[in-house]
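Reviewing the structure listed below.
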Amino acid sequence: MKPHVLALFLLAAACVPVEDTGTNGTGPQPGDLIGGPTGGGLVEREPDLCQAAQYQQYLGQPGTIVPSLGITRVYRVIDFGAIYSQEYNPGRINFWLSPTGLIARIGCG
């Protein structure tokens, strides 16, 4: 294939519209579960070893209250859009915050 024909082909392929699969145009957010081939989402690797279930009543509360909850195990508060390590610690409680600083999700990891 001639170089100029290949360049035109690649240029045309780059112009194909991409379907927006995000909700309300925002796309995935930090802490969102991402579906696999079946669309079922990720499953918790271990059964609630960090006991995150006992903190679910704080969903929607300001993230600034986390240090005052008296948590005696390892935890971390993850700001919206923050970069954080991906190593899995089943005993650690993660508090993911929304863009407005409210607790949007609580889970182990």
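Values in this text are rule-based calculations from the coordinates and carry no lab data. Note that this is a predicted model, so its numbers are computed, not measured. A quick note on method: Cβ atoms are made from the backbone with ideal geometry, for glycine too, and the neighbour counts reach across all protein chains shown.
Restricting the trypsin sites (Lys or Arg not before Pro) of segment 72-107 to loop positions (DSSP other than H, G, I, E, B) with no more than 15 neighbouring Cβ atoms within 10 Å leaves Arg73. Qualifying chymotrypsin sites (Phe, Trp or Tyr not before Pro) in segment 43-109, where qualification requires a DSSP coil assignment and no more than 16 other C-beta atoms within 10 Å, comprise Phe80, Tyr84, Tyr88.
Label positions at Gln57 and Glu87, each projected 7 Å from the Cα along the C-beta direction, are separated by 3.4 nm. Debye-formula intensities of segment 48-109, expressed as log10 I(q)/I(0) at q = 0.17, 0.23 Å⁻¹, are -0.50, -0.94 (one equal scatterer per alpha-carbon, no solvent).
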